[in-house]
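To keep things clear, I will list the structure first and then write my remarks on it.
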Amino acid sequence: MGAAAVMAEERSSAAGAGPGWGRDVPGWAAVAAFVSTGLLLLGAFLLILNLARLTEARRLVNITVEVLEATRTVIVGVVNAETGQRGFLLTGEERYLGPFQEASGHIWEDLATLERRLQFPDQQQRLRRVRPLIEAKLAELSYTVALRRRSLDEALAVVRTDEGQHLVELIRSGLGEVEARAREILAERTLLQERHARRATILALVCAALALVSAGFGTILVLRRREERKLVEQNLRLERLVHERTTNLEEANAELEAYAATISHDLRTPVRAIGGYAAALEEDAGPCLGPEQHRYLGRIVDASERMDRLIEDILGYSRLAGQDLTTGRVPLESAVDAALAAHHAEIAVAGARLEVVRPLPAVRAHAGALELAVGNLISNAVKFTVPGQAADIKIWSEQRGGMVRLWVEDRGIGIGPEHRERIFRPFERLHGREAYPGTGVGLAIVRRVAERMSGRCGVTSELGTGSQFWIELPEGG
């Protein structure tokens, strides 16, 4: 570009100088133009050469990546086939054979794809050793499926020989060797690609620098104007991208709300119907049922109620992601009192002792969301107590440099340090439902509420000594 600018300037001077323009142009300008052109041509040639090598290196890297993907696909196919077989062995229902039949139909195509991608004889040899193992494994799976149709015991007898497991281990080992070698090749080819890329970059930079020096300040000005235009175009592109992503986010939130509504209707209705029918059956046919049947019906009712609570918590958690939480001044005392009123029955049944250290300051929050979070912390403190002991709960607050931290302290079972972060993730439970009922979503809701209101939450705890949960929000002013 620098040579073209200088030569254009020379042509402009020549238009007024007549046929002898070359003698009127300063010698350094002509030399600079020719040097610039020569350097650019040389650089272009070397750059094209290195780019061709870089393209080839990239092609080889892509082939190696395809080998890794194909290897993983074959492994997944074997695992899926075994999964379908196990499902059929356990249930005897033909629908569980879907993964087995699908995997059996595609695994040879996947294996052929992998074989076409392999370029080295040692890799091809490894794959040839794996092929009969896969044949044997599929034959073993088909044999056990056929036995299961006749007799579960006969099928289980074959499974207990561990021959199938041994074949899977051999297949994994063989394909693992193929994968490990492919990763070595990938590392070598990636290094070669980086070397060509560095060389091409250095050549381009050197030629560009020499061309810029020979072209002079005129080229610098042209490039500067071009960069300014480029920056303007980039800003426009970024603005469009931000607008598009904002639109996509709004659409995603709308879809999430629609999905939540669908879950509410399509899942909760049949779950409640199951519980209702089970309760009605127990009421109508109770005298005719034995203790075992009563226990089964009780489990059905308990499971449906637990499922309904879980759906409700999932809906609450998902709504918090897309709900517009407008914050304002909220007195903590009113939020705590509302949460205590909502959980009055739970506190009374547990016989919990509860102390609220007043006064409590105001915070900037969304009243409904804050009441939900505080209620979950109180419910958590009531629930996780030492067996045989009533819950002892203390609620208090402190101010921390423009923030207010609300504490909910209990004398319960406590939490180990390795679990203090994990418990705030959805569906994370440290204890079985039989010991401590719940859905595993309550503390996740607390964290999402805190983050949506520019706050945070956490816990300090030791096993056997109780826990101190806290939620921190901006002062209400």
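The values are calculated or read from the model by the stated rules, or taken from the named source; none is laboratory data. Please read all numbers here as calculations on a predicted model, not as lab measurements. Note that each Cβ is placed from the backbone with ideal geometry, even for glycine, and that neighbours are counted across all protein chains shown.
Take the conditions (1) over 33 Å from the mean Cα position of the chain (by Cα); (2) surrounded by 18 or more Cβ atoms within 10 Å (Cβ to Cβ); (3) hydrophobic (A, V, I, L, M, F, W, C); PHE120 misses just one of them, which is (2). Inspect segment 90-97 for any residue being touching a Gly at 6+ places or on another chain (Cβ under 7 Å) and either surrounded by 14 or more Cβ atoms within 10 Å (Cβ to Cβ) or closer than 30 Å to LEU152 by Cβ (or both) and give the result as yes or no. Yes, that holds for at least one residue. Out of all the residues in segment 109-163, which are part of a helix (DSSP H, G or I), free of Cβ contacts under 8 Å to residues at least 60 places away in the same chain and basic (Lys, Arg)? The answer is ARG116, ARG117, ARG126, ARG128, ARG129, ARG131, LYS137, ARG149, ARG150. Taken over segment 87-108, the residue count meeting the criterion of being in contact (Cβ under 8 Å) with a residue 40 or more places away in the chain and part of a helix (DSSP H, G or I) is 4.
A quick yes/no check of all residues on (1) β-branched (Val, Ile, Thr); (2) at pLDDT 85 or above; (3) in a helix (DSSP H, G or I):
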residue	(1), (2), (3)
GLY298	no, no, yes
ASP302	no, no, yes
ASP324	no, no, no
GLU346	no, yes, yes
VAL349	yes, yes, yes
ARG358	no, yes, no
LEU370	no, yes, yes
ILE378	yes, yes, yes
LYS394	no, yes, no
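The condition (being of a type in the set (A, V, I, L, M), assigned by TED's automatic domain parsing to the domain that holds GLN101 and in contact with a Lys or Arg (Cβ under 6 Å, 6 or more places away or on another chain)) is satisfied by just one residue among ALA182, ALA155, ALA209, ALA204: ALA155. Do we have any residue at all in segment 236-257 that's at pLDDT below 70 and polar (S, T, N, Q)? Yes; the residues of segment 236-257 include at least one that is at pLDDT below 70 and polar (S, T, N, Q).
Yes or no: segment 76-95 includes at least one residue that is of a type in the set (A, V, I, L, M) and in contact with a Lys or Arg (Cβ under 7 Å, 6 or more places away or on another chain).
Keep residues of segment 76-95 that are of a type in the set (A, V, I, L, M), which gives 76, 78-79, 81, 89-90.
Now restrict to residues that are in contact with a Lys or Arg (Cβ under 7 Å, 6 or more places away or on another chain): 78, 89.
The answer is yes; a qualifying residue exists.
Quick one: is ASN62 assigned to a helix (DSSP H, G or I) and within 27 Å of the chain's Cα centre (by Cα)? Judged against the criteria, ASN62 is a match.
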